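What follows is calculated from the coordinates using simple rules that are stated; it is not laboratory data. Remember, predicted model here, so these are calculated numbers, not experimental data. FYI the Cβ positions are ideal-geometry reconstructions off the backbone, even for glycines, and counts take in every protein chain you see.
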Amino acid sequence: MGKKAKSIIEIDSTKLISKLNTLFADEWLAYYQYWIGAQVCKGPMRPSVIAELMEHATEELSHAQMLADRIIQLGGTPIINFDDISKLANCKYLAPTDFYVKEILKQNIDGEQCAIEQYNNFMKEVHGKDFATYDMLLKILEDELEHEEDLENLLEDLNLIK
Ligand code: FE
Ligand code: FE
Ligand code: MG
């Protein structure tokens, strides 16, 4: 834990750590949703879809790592029990039921849109009060914006198949 790191933040650290843990939970669910989608998806452009899903899965896990690092720096503990991941997450895990590539992509787009909203809202809360957390959230948000766009582009290409 960083003593000074904790003392410079101008928001309640317990609340901050809890919120960061809910985002940490979201990232694990996002990771798994991408990973499982990449295993089961079927349909046109399958290799391109799998490559994008796996790339995003890796990036979601790196977001979980960034959040865990910040939680620990602030004296907190990342979620220890896996059951708490789905309980505490802000965004729902959308289990793939239809494995067709377009349906998998649509579920992941929904997931990204939820993540974008979460990060954007939380950034407003920490703005000017905790610069390090703000900076981390911005980096993650930028990735989520790119994720949404990548998936939308893939879906657009799939819709152009004649
Ligand atoms: Fe993420
Ligand atoms: Fe994402
Ligand atoms: Mg991408």
Using a Förster distance of 41 angstrom, determine the FRET efficiency expected from the C-beta separation of S7 and N81, and round it to 0.05. 0.85
Calculate the length of the line joining the C-alpha centroid of segment 3-58 to that of segment 80-104, in whole Å. 11 Å
Calculated Rg and Dmax of segment 1-159 using C-alpha coordinates, Å: 16.5, 53
Show the residues, 5+ positions off or on another chain, whose built amide H is closer than 5 Å to the amide H of Y100. K42
Restricting to aspartates and glutamates and to Cα separations under 20 Å from K102, and discarding same-chain partners fewer than 8 apart, the set is E52, E55, D110, E112, E144, E146, E148, E149, D150, E152, E156, D157
Percentage relative contact order, the chain, counting C-alpha pairs under 8 Å, at least six apart: 30 percent
Considering only Cα-Cα distances, which of the following residue pairs are longer than 27 Å: K42/K87; K6/K124; K139/K162? K42/K87; K139/K162
For segment 12-160, with the dipole built from +1 on Lys and Arg beta-carbon atoms and -1 on Asp and Glu ones, taken about the Cα centre, which of H147, A30, S13 lies farthest toward the positive end? S13
Taking R0 as 25 Å, what's the FRET efficiency between I72 and E125 from their Cβ-Cβ distance, rounded to 0.05? 0.75
On a 0 to 90 degree scale, rounded to 10, what angle separates helix 46-73 from the longest Cα axis of the chain? 10 degrees
For the modelled label position 7 Å from the Cα of I50 along Cα-to-Cβ, which residues of segment 88-127 have backbone nitrogen atoms closer than 14 Å? 101
